[in-house]
Structures are given as C-alpha cells and as structure tokens.
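Note sheet for the following structure.
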Amino acid sequence: MDKYNEKDQQLYQIMQNLKENNGIQTMEYTSGLLANALTSEMPEVEWAGTEKQTIGQIQKNYETFYKGLAFDYKFLDKVYQALYNSENRVAVLSKYFAGLAILISCLGLFGLAAFTAQKRQKEIGIRKAIGASVNDISAMLSKDFLKLVSISLCMAFPISWWAMNNWLQSFAYRINIGVGVFIISGVAIILITLFSISFQAIRAALANPVKALRSE
C-alpha cells in the first residue's frame with residue numbers, strides 16, 4: 001500500500017511540475033519522473049517485434065494496474081519535435097531575413113560609395129596629380145566606411161550576446177557563446193563591406209584626373 005501511495009505522490013509531483021513549469025527546460029526532468037512512476041510496479045514488457053503489438057502489450061499492463069483510467073500515449077520523439085517546431089520556424093525565418101538584410105545593406109553601401117566618390121572627385125583628381133597610387137585612393141575611400149562599420153559592430157555585439165544568451169537560458173541543454181562567433185562575424189562583415197565598396201573605390205581611383213579637374 002505504501003508503494004501505491006508513493007506512486008501517487010510521484011504522479012502528483014509530475015502534474016505540479018507540468019503546471020508550474022510549462023517549458024522545454026523541464027521536459028527531461030518530467031519524462032524521468034513519469035517513466036519511474038509508470039514502470040515501478042509494472043512487469044517487464046517483452047518487445048513483440050512490431051510497434052502495434054508492443055503498444056497493445058503496454059496497454060494491457062497499464063489497464064491491469066490503472067483500472068478506469070484512459071490509456072493515452074505519445075512517442076517521446078514526437079513530443080520533443082512539437083516543442084522545437086516554433087524554434088525551427090524562427091531559425092528558417094531568421095535565415096531569410098538575415099540574407100535580405102545583408103543584400104539591402106550591400107546595395108546601400110554600393111550607392112553610398114558611388115555618392116562619396118562623386119562628391120570627392122576633385123580631391124581624388126588632385127591626389128592623383130601629385131602622385132597618389134590606386135591603392136592609396138582606394139584605401140582613402142574605404143577607410144571612412146570601415147570606421148562606421150567598426151563603430152556599428154562595437155554597438156551590435158554586446159546587444160547580440162545579451163539577446164542570444166537570454167534566449168538560450170530557456171533550454172536545459174545549451175551551448176556557450178564564445179568570442180570566436182563574434183570574431184568570425186566581424187571579419188565576415190568587414191569583408192562584405194570591402195567587397196561592396198571596392199568597385200566604386202577602384203573605379204574612382206582609375207579615373208582620369210584631368211577630366212575630374214576640368215569638370216570642376
């Protein structure tokens with residue numbers, strides 16, 4: 001009788017746990033309690049070789065010990081899949097929106113580089129006339145953009161770390177966000193920036209300085 005009371009207490013603890021902590025983080029703990037409670041008094045189930053026969057044998061043992069209670073079962077992999085469906089949808093949408101944001105940013109940088117090169121056309125012509133090389137002109141035009149990108153990275157990285165760290169706290173098993181993630185991201189962003197503005201910078205550096213000065 002004490003064993004049945006102990007089992008009832010375990011089932012009550014499971015229900016309270018699900019009621020108070022309805023989230024992914026408590027799923028492993030709840031599954032362990034449920035397995036202990038349902039199998040502590042049941043005889044060992046022999047796997048019948050097929051799923052249908054095995055479930056039927058489990059149902060028979062269940063009804064023997066829990067008469068009057070409906071036999072309702074779910075596969076654990078399906079339960080976990082349902083819990084992570086929303087996370088998978090967010091991951092897919094994040095990929096598409098991130099790609100779209102990168103494309104729009106590249107177009108904006110390309111247009112801004114063209115505007116800057118046109119605005120500094122006279123300066124570029126004078127620098128080339130006194131002996132500045134193509135690399136010097138390209139570096140001059142790229143330096144201003146890299147400063148702005150570096151400032152934006154310094155502002156974005158702490159916010160990104162805080163947001164991702166808070167999101168990961170809802171999982172029982174999670175990864176740690178290391179410095180390497182931000183280093184790789186920063187290098188990738190700088191390379192994308194250089195790629196976006198390099199065409200306009202090299203084009204402005206190769207332009208004939210006589211035409212630029214004559215037009216001014």
Using θ = phi - 60° and Karplus 6.51 cos²θ - 1.76 cosθ + 1.60, couplings along region 68-74 (whole Hz; Gly, Pro as x): x, 9, 5, 8, 10, 10, 9
Euclidean distance between Cα centres, region 83-143 to region 157-183, Å: 27
Calculated from backbone phi, Karplus (6.51, -1.76, 1.60) coupling profile of region 127-141 in Hz, x at Gly/Pro: 4, 5, 5, 8, x, 6, 8, 5, 5, 5, 5, 5, 5, 4, 6
Additional length obtainable on full extension of the chain from Asp136 to Ile183, 0.36 nm per residue less Cα span: 14.2 nm
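Could you tell me the calculated FRET efficiency between Asp72 and Ser170, based on Cβ-Cβ distance and R0 = 41 angstrom, to the nearest 0.05? Intermediate results must be reported in sequence, preceding the final value.
Working: r = 27 Å, r/R0 = 0.66.
Working from the Cβ atoms, E equals 0.95.
If r is the Cβ-Cβ distance from Ile192 to Glu87 and R0 is 30 Å, what FRET efficiency results, to the nearest 0.05?
Details: r = 27 Å, r/R0 = 0.90.
After rounding, the FRET efficiency stands at 0.65.
Which pairs, out of Lys95/Lys119; Lys122/Lys147; Lys119/Lys147, put more than 26 Å between their alpha-carbon atoms?
Numbers: Lys95/Lys119 36 Å; Lys122/Lys147 23 Å; Lys119/Lys147 19 Å.
Over 26 Å apart, Cα to Cα: Lys95/Lys119.
We did not get these values from a lab; they are worked out from the coordinates using the rules stated. Only a predicted model underlies this, so the values are computations on that prediction, with no experimental measurement involved. Note that each Cβ is placed from the backbone with ideal geometry, even for glycine, and that neighbours are counted across all protein chains shown.
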